[in-house]
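Notes follow once the structure below has been shown.
The values are calculated or read from the model by the stated rules, or taken from the named source; none is laboratory data. Since the model is a prediction, treat every value here as computed from it, not as a measurement. Because the Cβ atoms are built from the backbone with ideal geometry, glycine has one as well, and the counts that use them run over all protein chains shown.
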Amino acid sequence: MFCEKCGSDNLEDAKFCRTCGEPLTQKTDVGYIPVFKPLSESNNESVEPAAESGQQPDANLAQRPAAVSMPLTAVVLPKKKSSKKLLIILTSVLLVLAIVCAAGFLLRNQIMKMVMPEQYLQMSLARSVAQSQNGAGQLLDFSQYATGAVKHEFTFEQSDEYSDFSVDGNYMYDAASEKALLDVSIESSGVSLNDNILYISGDQIALSMPSQITDTDFLTIDPATFDKEWKDKGYDELAAIPDLQKLIKTFFGKTEEGTTVNASDMNDDFMKYLTDEAEFSADGTVTENIGGVDRKLDVMKYTIPKSSANKSIQSLIDGIRDEMTKAAEDTTLGVSDYFDVLESIKIKDDVTIDFYIDQDGYISRIEVEEVEIAANGEIGEIGFVFDTWRDDGTTYTSTEITSDSGSESSTLIIDSETALKDGVYTFSCELSSPEASSDTTISFDMEWDTKDKKGENLSIVFEEDTGYSSYEATLAGNLVEDKSKISLSDATIELTSGSDSVYTIDLSYSLSKIDASEITVDTSDSTPLLSYQPFTDYMDSMLSYNYEY
């Protein structure tokens with residue numbers, strides 16, 4: 001034990017310092033470390049031991065030279081905190097953080113729903129769309145063919161006691177480079193039309209029909225100048241030519257600026273329209289029966305003002321009309337008469353779209369509340385309800401579209417089931433109109449055993465029953481998908497009316513990836529279409545005939 005006054009080391013159970021006689025205090029919870037400091041020279045003197053309580057100090061110690069008995073001071077420091085306590089504190093903090101994070105993760109939907117309900121609705125829509133793309137979307141993964149060059153190969157054969165007909169060809173397409181090539185051969189009742197080629201690109205359209213056109217390999221069109229050349233020859237009086245460059249952009253799924261248009265962009269545009277034009281509201285929680293089960297659902301809605309809805313509809317109609325009118329200019333197609341009826345459509349109420357979201361954050365119901373619409377002097381109401389739910393690995397949907405014109409009402413119901421169990425994919429869909437006089441029912445059923453790679457693993461049945469007559473079409477074959485190809489082989493289509501077989505078609509089809517460089521033709525031996533004499537002679541004769549009559 002160290003003396004607090006002089007710093008001398010004493011026995012642990014000593015009561016007085018054996019050097020200076022200072023009473024020693026027993027320390028149980030504080031440790032101290034002596035820090036020795038010599039006294040200044042002016043204070044460099046011996047320290048006499050003190051006698052207390054009858055105890056005599058050590059005489060030998062008292063006789064030590066002053067140089068040896070220099071007083072020392074001891075600085076008392078607190079003991080370090082227990083590492084065990086620190087570990088407990090850190091563990092407790094980490095445990096609390098883990099509980100908070102876990103609660104936040106488990107309740108993230110509820111938190112987002114309360115704090116940002118509109119963003120929660122948009123997230124639910126995105127999750128529901130992604131979930132709906134599972135199943136067949138995962139089995140036949142067409143997304144890998146959405147970008148890059150692809151090749152479709154097909155055969156089609158039909159024969160009976162009256163005729164033989166067959167088609168054999170391939171179609172190559174690449175949106176990125178804006179090139180497409182169709183090569184098809186046709187045989188019908190002993191007549192062969194082989195190696196017919198149509199090539200389309202932003203720079204050139206080329207057509208080859210060797211069975212009919214023998215004096216040149218290709219007839220060509222320059223999309224940039226063809227419409228002007230056509231008008232210069234006066235052929236626009238017979239038929240107007242649309243903007244070919246724009247049509248080609250559209251054909252390759254692009255805008256005039258060259259950007260690609262896809263379903264995701266359209267969905268984003270729709271959500272942007274709702275966000276910008278509609279009023280959002282959260283209407284609490286309700287219990288609705290969907291799929292025979294009462295479900296607790298959160299209701300959120302967008303209300304589109306009728307002025308905005310009418311503006312959007314008319315803008316869409318005007319765009320379609322302008323394109324069709326331009327294509328039909330100076331002809332007898334009568335496009336304007338058709339659009340007079342469409343332009344009379346007016347929405348009389350605000351349009352309200354209700355979204356019902358289950359407790360897992362998925363859309364269970366979308367409902368467009370009945371809205372009054374006027375068209376061509378008539379007024380009616382239209383409503384729409386779409387339900388979706390899952391049960392035992394099967395996804396169900398039910399769509400109901402109602403219309404009421406006052407004098408007549410109708411309902412169209414579309415039900416579907418989708419499942420993937422033990423490698424067998426099944427899909428069925430039924431369309432019915434209970435209030436129709438003929439009670440028409442249309443059904444579609446599909447079953448595909450993905451495990452069977454060689455046998456007949458695909459069955460599709462399409463049926464229509466009007467109450468007065470029935471019609472059935474079936475397809476059976478082998479459907480296989482691997483990493484780079486989807487193929488349907490040994491397939492047969494049978495068409496039946498009533499109980500009599502109409503005819504049978506044998507077919508095959510495949511979809512595969514290719515290099516874009518394969519999409520090319522050699523047009524070194526070619527003639528511009530408007531410089532090809534047989535064609536211009538024909539057009540001139542038609543023009544003269546038009547003038548006469």
Q. Restricting the search to the stretch 152-178, which residues are at pLDDT below 95, among the charged types (D, E, K, R) and closer than 16 Å to Ile519 by Cβ?
A. Asp174, Glu178
Q: Could you grab me the full set of residues in the stretch 336-376 that are part of a loop (DSSP other than H, G, I, E, B), over 25 Å from Thr287 (Cβ atoms) and not hydroxyl-bearing (Ser, Thr, Tyr)?
A: Ile345, Lys348, Asp349, Asp350, Asn376
Q: Pairs only if they're at least six apart or on different chains, beta carbon under 6 angstrom, first in the stretch 156-168 and loosely packed, with under 12 Cβ neighbours inside 10 Å, second not basic (Lys, Arg); list them, first residue then second.
A: Asp160/Tyr503; Ser163/Ser189
Q: Would you check which residues across the stretch 172-229 are farther than 24 Å from Asp243 by Cβ and in contact with a His (Cβ under 9 Å, 6 or more places away or on another chain) and list them?
A: Met172
Q: Evaluate the following for Asp215: is it surrounded by fewer than 17 Cβ atoms within 10 Å (Cβ to Cβ), on the phi > 0 side of the Ramachandran plot and out of contact with any Asp or Glu (no Cβ under 6 Å at 6 or more places or on another chain)?
A: no
(Q) Given the condition surrounded by fewer than 16 Cβ atoms within 10 Å (Cβ to Cβ), part of a strand (DSSP E or B) and not hydrophobic (A, V, I, L, M, F, W, C), answer yes or no: does some residue in the stretch 517-527 qualify? (A) no
Q: Identify the residue in the stretch 448-493 that is in a loop (DSSP other than H, G, I, E, B) and acidic (Asp, Glu) and, among all such residues, is modelled with the highest pLDDT.
A: Glu456
Q.
Any residue that is over 30 Å from the mean Cα position of the chain (by Cα) and at pLDDT 85 or above - is there at least one of those in the stretch 416-431?
A. no
Q: Return yes when Thr496 is over 17 Å from Val424 (Cβ atoms) and not small (Gly, Ala, Ser) and no when it is not.
A: yes
